[in-house]
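Peer 1: The structure's right below; bear with me while I get my questions together.
The values are calculated or read from the model by the stated rules, or taken from the named source; none is laboratory data. Computed from a predicted model, the values in this text were never measured in an experiment. Cβ: placed from backbone, ideal geometry, glycine included. Neighbour counts: every protein chain shown.
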Amino acid sequence: MPEICKKIIGLILLILIFSCNRTKHFPIPSSISDTISKKIPLSEGEMENWLHKDIINDTIPGTSLERAYNELLKGRKGQKVIVAIIDTEIDINHKDLDGQIWINEDEIANNGIDDDENGYIDDLNGWNFLGGLDNNIIYLHYESVRILKKYQRVFEGKSIQDISKDSVDLFKLYLKAKDKYDSQLNNAREEQDYGNFLAEGFKKSKETLKRFFPKEDYTLTQLDSLYEIYKNEEELSKWIYFMQDYFRYDLSEKWIYDFKRNADMVIEKSLNLDYNEHISSQANENSVEDTDYGNNNISGNMEVFYHGTQVAGIITAKGENSLTTNGVFNNIELMDLAVVANHGNERDKDIALAIKYAVDNGAKIINMSFGKDLSSDKEWVHEAFKYAEKNDVLIISSAGNKSYNLNLMNDYYPNDNVENKEEISNNFILVGASSSNLNENLVASFSNYGKYDVDIFAPGQEIKTLLPNNGYRKDSGTSLSSGIVSGIAALIRSHYPNLSASEVKQILMRSGIEYDMIINVPGSGEKKQKLHFKELSKSGKIINAYNAFLMAKELSKSSFAQ
């Protein structure tokens, strides 16, 4: 029987088996209405780990991970799974990641030799594709800048009538990049002006308040009282009012000057066509075959980079060390592949080579939490997807945080299709963000969505996770959602290693929970455009670990999964 037929029949059998409840553990209903009894608001304790809660037992639209562990996984360990995180540098020394960092056993640390002959010298825990001989890249160009630099001399000042037929697509890409660049530059200048306003206001406010508080030991209550006394003195009250706002919105001096510096650097570097984003040892940027660049320093800038550590914490933090946060699954080895900088967009070449590195070095799951609106070499990334599919590796990526309808804005990258057409592989999952609200705000207001591109939703709002240097923070974003899905996928592949990457993808999508309710569409503002929840993604569901594990168990028994 052809392999494709086996897979199709296997998936049909999967649905039939699952619907028959042939196990003593019964699946959570696949559709939940908004009439279910719910606890509003959630208690502080429930909010700490709401993403792991269960819709039936806890009336919280989490992933039912706690229930899966309590009812299905007690006493079971499973196999180790290598998960590659393609992101920023990661704090591999964080105490809650202790013992969970991938070690390349075939490499002798820091001997300056490529012992395993994989093309990367001393790659003990991964590779930094932004690394150089002396330092690592902090700022990258935006993709619009790369495209302008590449094609401006060819296309500037020309119209479509001047372009040969075989160059039309490149010309359209150039025009998109030009429009995008102008928009980014305007926004960056506004951010820079705001940064200057905050910094100058903070400095003047501090100087003014020293006359009342020489030790600068004032509180918000004292500032409120002081303002009432001097509110009729225009100049003085203005600077008191500024400091009240700094306190009220928790804008520390460090935060303000970090904001200003980043705003300045976006214009000075990421949007500067004369800035060189390549370190001197950078290989040929126009050839994906030239791989001789980067270094093994994957934790060198923890004062700047935090995103990769956050994602790592969501996937596999060991909460028993700190009693502060728990990842999805602890029987994991994390491989760090750094391609993401502080600002700008990831280079397609780095993404493609990072995927290939992960595949060649044993990763079974790849998590990617980044995105951009333009791609100059997307074919390199698509070839990497196919390479991962051929080698049975599942790729899970974040859908983005701009409230885009990806059905309309179909130039979001990375993605596994072109212009909402047929998928180029069956091993890629794009994840949107859901919230803890069992109402019209079930989908996080910032999340991208779309029935062609976004495969499934997962918790991504107010999630507690790790920060570098043994820190912790609550944050929101589809990056955290993709981390949750990566952890659940690793859990399944650990216990059922005979299931293929494409089968795990289908399990995750089919076993989720559909919420039978009308919700607010992200980005619709005060107009509050509404759609049925199932219209916002391909599966129409939120991931559910309990159901996924039951389905994996049944499919694993099938001869079609052997």
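Peer 1: Which condition number in (1) of a type in the set (S, T, N, Q); (2) at pLDDT 95 or above; (3) buried (at least 24 other Cβ atoms within 10 Å of the Cβ); (4) over 12 Å from Thr478 (Cα atoms) is the one that Ser397 fails?
Peer 2: The failed condition is (4).
Peer 1: List pairs: first residue in the range 536-562 and assigned by TED's automatic domain parsing to the domain that holds Ser500 and over 20 Å from Asn520 (Cβ atoms), second residue aromatic (Phe, Trp, Tyr) and at pLDDT 95 or above anywhere in the structure, Cβ distance under 6 angstrom, at least six positions apart or on different chains.
Peer 2: Correct list of pairs: Ala552/Tyr496; Ser556/Tyr496.
Peer 1: List pairs: first in the range 179-193 and within 15 Å of Arg146 (Cα to Cα), second among the small types (Gly, Ala, Ser) and assigned to a helix (DSSP H, G or I), Cβ under 8 Å, 6+ apart or cross-chain?
Peer 2: Here the result reads Lys180/Ser144; Tyr181/Ser144; Gln184/Ser144, each pair linking the range 179-193 to a residue that is among the small types (Gly, Ala, Ser) and assigned to a helix (DSSP H, G or I).
Peer 1: Does Ile279 qualify as being over 30 Å from Ser64 (Cα atoms), at pLDDT 95 or above and not hydroxyl-bearing (Ser, Thr, Tyr)? Even if it seems obvious, please write down each step before you answer.
Peer 2: Numbers: over 30 Å from Ser64 (Cα atoms): yes; at pLDDT 95 or above: no; not hydroxyl-bearing (Ser, Thr, Tyr): yes.
The answer is no for Ile279.
Peer 1: Shifting gears a bit: Which of the residues belonging to the range 31-58 are farther than 30 Å from Leu466 by Cα and at pLDDT below 75? First the steps, then the outcome.
Peer 2: Start the filter on the range 31-58 by keeping residues that are farther than 30 Å from Leu466 by Cα, which leaves 31-37.
Once the filter is applied, which keeps residues that are farther than 30 Å from Leu466 by Cα and at pLDDT below 75, the range 31-58 yields Ser33, Asp34, Thr35, Ile36, Ser37.
Peer 1: List the pairs whose first member sits in the range 281-310 and is assigned by TED's automatic domain parsing to the domain that holds Ile351 and surrounded by fewer than 21 Cβ atoms within 10 Å (Cβ to Cβ), whose second member is part of a loop (DSSP other than H, G, I, E, B) and basic (Lys, Arg), and whose Cβ atoms are under 8 Å apart, counting only residues at least 6 apart or on separate chains?
Peer 2: Here the result reads Glu285/Arg347, each pair linking the range 281-310 to a residue that is part of a loop (DSSP other than H, G, I, E, B) and basic (Lys, Arg).
Peer 1: Of the residues in the range 100-120, how many are over 19 Å from Lys356 (Cα atoms) and surrounded by fewer than 16 Cβ atoms within 10 Å (Cβ to Cβ)?
Peer 2: Of the residues in the range 100-120, 6 are over 19 Å from Lys356 (Cα atoms) and surrounded by fewer than 16 Cβ atoms within 10 Å (Cβ to Cβ).
Peer 1: I'd like to know if the range 377-400 contains one or more residues that are in contact with an Asp or Glu (Cβ under 7 Å, 6 or more places away or on another chain), assigned by TED's automatic domain parsing to the domain that holds Glu346, under 20 Å from Val454 (Cβ atoms) and hydroxyl-bearing (Ser, Thr, Tyr).
Peer 2: Scanning the range 377-400, I find no residue that is in contact with an Asp or Glu (Cβ under 7 Å, 6 or more places away or on another chain), assigned by TED's automatic domain parsing to the domain that holds Glu346, under 20 Å from Val454 (Cβ atoms) and hydroxyl-bearing (Ser, Thr, Tyr), so the answer is no.
Peer 1: Picking from Leu173, Leu223, which residue would you name as being within 23 Å of Asp274 (Cβ to Cβ), of a type in the set (A, V, I, L, M, F, W, C) and surrounded by 13 or more Cβ atoms within 10 Å (Cβ to Cβ)?
Peer 2: Working: Leu223 fails: within 23 Å of Asp274 (Cβ to Cβ).
Unique residue meeting the criteria: Leu173.
Peer 1: Separate question: If only one of Ile488, Ile519, Ile463, Ile456 is closer than 15 Å to Gly62 by Cβ, in contact with an Asp or Glu (Cβ under 8 Å, 6 or more places away or on another chain), among the hydrophobic types (A, V, I, L, M, F, W, C) and touching a residue at least 60 places away in the same chain (Cβ under 8 Å), which one is it? If you could, list the steps in order and put the result at the bottom.
Peer 2: On the way: Ile488 fails: in contact with an Asp or Glu (Cβ under 8 Å, 6 or more places away or on another chain); Ile519 fails: closer than 15 Å to Gly62 by Cβ; Ile456 fails: in contact with an Asp or Glu (Cβ under 8 Å, 6 or more places away or on another chain).
Being closer than 15 Å to Gly62 by Cβ, in contact with an Asp or Glu (Cβ under 8 Å, 6 or more places away or on another chain), among the hydrophobic types (A, V, I, L, M, F, W, C) and touching a residue at least 60 places away in the same chain (Cβ under 8 Å) holds for just one of Ile488, Ile519, Ile463, Ile456, which is Ile463.
The rows are residues; the columns are (1) more than 22 Å from Ala317 (Cα to Cα); (2) not assigned by TED's automatic domain parsing to the domain that holds Ile85; (3) not hydroxyl-bearing (Ser, Thr, Tyr).
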{"position": "Tyr449", "(1), (2), (3)": "yes, no, no"}
{"position": "Ile456", "(1), (2), (3)": "yes, no, yes"}
{"position": "Ser482", "(1), (2), (3)": "no, no, no"}
{"position": "Tyr515", "(1), (2), (3)": "yes, no, no"}
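Peer 1: Related question: Consider only pairs whose beta carbons are under 6 Å apart and that are at least six residues apart or on different chains; among these, list those whose first residue lies in the range 137-165 and is assigned to a helix (DSSP H, G or I) and whose second residue is among the small types (Gly, Ala, Ser).
Peer 2: Here the result reads Ser144/Ala177; Arg146/Ser376; Ile147/Ala177; Ile147/Ser376; Leu148/Ala177, each pair linking the range 137-165 to a residue that is among the small types (Gly, Ala, Ser).
Peer 1: Every residue in the range 522-535 that is over 18 Å from Thr63 (Cα atoms) and not in a loop (DSSP other than H, G, I, E, B), please.
Peer 2: From the range 522-535, those over 18 Å from Thr63 (Cα atoms) are 522-532, 535; that's our starting set.
If the condition is that a residue be over 18 Å from Thr63 (Cα atoms) and not in a loop (DSSP other than H, G, I, E, B), then Gly525, Glu526, Lys527, Lys530, Leu531, His532, Glu535 are the ones that fit.
Peer 1: So, in the range 360-382, of the ones that are in a helix (DSSP H, G or I) and touching a helix residue (DSSP H, G or I) at 6+ places or on another chain (Cβ under 7 Å), which residue ends up surrounded by the most Cβ atoms within 10 Å (Cβ to Cβ)? Talk me through it step by step, then tell me what you get.
Peer 2: Step one: filter the range 360-382 for residues in a helix (DSSP H, G or I), giving 360, 378-382.
Retained after the next criterion (residues that are touching a helix residue (DSSP H, G or I) at 6+ places or on another chain (Cβ under 7 Å)): 378, 380-381.
Values: Lys378: 18, Trp380: 20, Val381: 23.
Out of the qualifying residues, it is Val381.
Peer 1: Next question. Return the total of residues in the range 509-548 being surrounded by fewer than 24 Cβ atoms within 10 Å (Cβ to Cβ) and out of contact with any strand residue (DSSP E or B) (no Cβ under 9 Å at 6 or more places or on another chain).
Peer 2: Counting residues in the range 509-548 that are surrounded by fewer than 24 Cβ atoms within 10 Å (Cβ to Cβ) and out of contact with any strand residue (DSSP E or B) (no Cβ under 9 Å at 6 or more places or on another chain) gives 4.
Peer 1: Between a residue in the range 94-111 that is closer than 16 Å to Gly487 by Cα and assigned by TED's automatic domain parsing to the domain that holds Phe305 and any residue that is of a type in the set (Gly, Ala, Ser) and in a loop (DSSP other than H, G, I, E, B), which pairs come within a Cβ distance under 7 Å, given they are 6 or more apart or on different chains?
Peer 2: Going by the 7 Å Cβ cut-off, the qualifying pairs are Asp96/Ala317; Asp96/Ser322; Leu97/Ala317.
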